[in-house]
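Participant: The structure follows.
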Amino acid sequence: MGRKTAILAAVVISISSGFGQAQTYPERPIKLVVPIAAGSVTDVIMRAAANELSGRLGQQVVIENRPGANFIVGAQACAGAAPDGYTLCVVNNNSLSINPLIYNSLPYDAQKDFTPISNLFLLVEALAVSAALPVNSVAELQQMARTKPESLNFGTLGPGSYPDLFLHWLNQKWNTKLVGIPYRGGGPVALAVAANEIQIASMGLGNFIGLATDNKLKIVAVSPERRSKLLPDVPTFKESGIGDFPGHVWWGLVGPKDMTPAVIQRLNGEFVKLWREPKFVEFLEKQAVQPYAGTPEEFSEFLKKDRADSEILVKLANAPRSDFVAPK
């Protein structure tokens with residue numbers, strides 16, 4: 001057999017193998033790594049999606065929560081997995097865009113160790129305060145923060161997380177000294193605000209809205225350009241004077257690098273189909289997120305722009321760079 005014939009044969013075998021894998025995939029349960037605590041908005045959404053997709057794929061989609069270390073633990077679990085489509089990972093702007101800018105070393109390469117499958121949704125952010133705090137607007141909160149330095153605690157997801165960058169930026173903008181307190185997810189942060197363990201937080205609106213309805217905390221602003229249909233009386237960040245923060249929170253789906261194209265397309269097709277169904281879209285909107293699913297190629301282009309925007313954000317927030325220390 002000549003060299004060209006051998007190469008052609010190898011290509012045909014590779015294509016046939018990939019096609020065969022797609023035809024039989026999945027043959028066992030799929031693990032979906034969610035890098036945030038159970039009960040958070042993203043966890044709630046992905047559990048609902050897993051229930052739907054289990055029936056469509058013919059195999060159970062199992063959620064594995066891997067919170068901590070600014071989403072690094074979850075991303076690392078995905079980066080080190082076999083590229084066979086049986087380990088998938090939910091990632092966000094911290095996982096793939098911000099972390100490489102604020103850590104001197106990471107246990108994964110954000111640009112090389114993952115296969116983009118689809119973007120999923122954009123988060124509607126809310127600025128919430130404890131019900132015990134005698135403020136009802138961003139202006140009143142700013143005044144209190146200035147008159148009581150270092151007396152107000154602000155919930156984050158750890159150093160360098162999106163809420164932490166927002167905190168750094170807010171302290172610079174307001175000339176205040178709000179103190180960052182790290183938690184392992186938006187759900188725990190919201191409960192901490194309700195219990196007055198911390199006084200302020202900026203997380204996904206879905207984490208706060210139930211507690212706000214029960215008057216356990218107050219929402220003083222939301223992030224979209226227009227007011228949220230869920231809280232039409234609450235002003236936007238822009239209306240409140242903090243609309244020039246350049247960041248936004250997104251969540252997407254990836255797998256390990258070198259996944260078979262046919263399997264990528266199967267997964268993308270099922271996720272996108274679900275994300276565009278009216279009932280699921282309605283569910284997502286009630287969680288205060290904006291559906292944003294698309295092709296793997298669109299997700300790749302989105303990531304390029306988000307990484308460039310994140311460089312601006314990190315610079316504006318004057319975020320410190322540090323060494324990553326694996327949690328024990």
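The values are calculated or read from the model by the stated rules, or taken from the named source; none is laboratory data. None of the values given here were measured: they were computed from a predicted structure. Cβ atoms come from the backbone with ideal geometry, glycine included; neighbour counts cover every protein chain shown.
Participant: Can you find, within the range 109-136, the residue that is surrounded by the fewest Cβ atoms within 10 Å (Cβ to Cβ) among those that are among the small types (Gly, Ala, Ser) and under 25 Å from Val289 (Cβ atoms)?
Facilitator: Ala131
Participant: I'd like to check which strands (runs of 3 or more DSSP E) are fully inside the range 173-272 and have at least 1 residues that are in the same structural domain as Ala288 (by TED's automatic domain parsing).
Facilitator: 250-256
Participant: Return yes when Gly186 is over 26 Å from Glu150 (Cβ atoms) and either touching a strand residue (DSSP E or B) at 6+ places or on another chain (Cβ under 9 Å) or touching a residue at least 24 places away in the same chain (Cβ under 8 Å) (or both) and no when it is not.
Facilitator: No; evaluated as a whole, the condition is false for this residue.
Participant: Identify, by number, the condition in (1) in contact with a helix residue (DSSP H, G or I) (Cβ under 9 Å, 6 or more places away or on another chain); (2) outside the structural domain of Val254 (by TED's automatic domain parsing); (3) acidic (Asp, Glu) that Asp113 doesn't meet.
Facilitator: (2) is the only condition that Asp113 fails.
Participant: With Val193, Val222, Val249 as the choices, which residue is crowded, with 21+ Cβ neighbours inside 10 Å and under 20 Å from Ser300 (Cα atoms)?
Facilitator: One residue alone meets the criteria, Val249.
Participant: Identify, please: which residue in the range 33-86 is among the small types (Gly, Ala, Ser) and without any contact (Cβ under 8 Å) to a residue 40 or more places away in the chain and is, among those, farthest from Met259 (Cα to Cα)?
Facilitator: In this case the residue turns out to be Gly55.
Participant: Name every residue in the range 283-298 that is in a helix (DSSP H, G or I) and either modelled with pLDDT under 95 or under 15 Å from Leu122 (Cβ atoms) (or both), in order of residue number.
Facilitator: Matches in the range 283-298: Leu284, Glu285, Lys286, Glu298.
Participant: Go through the range 231-269 and give me each residue that's modelled with pLDDT under 95, within 17 Å of Phe121 (Cα to Cα) and aliphatic (A, V, I, L, M).
Facilitator: Result: Val249, single match.
Participant: Follow-up question, since we're still on this one. Can you say whether Glu140 is assigned to a loop (DSSP other than H, G, I, E, B) and either crowded, with 24+ Cβ neighbours inside 10 Å or of a type in the set (D, E, K, R) (or both), as far as the supplied structure shows?
Facilitator: No.
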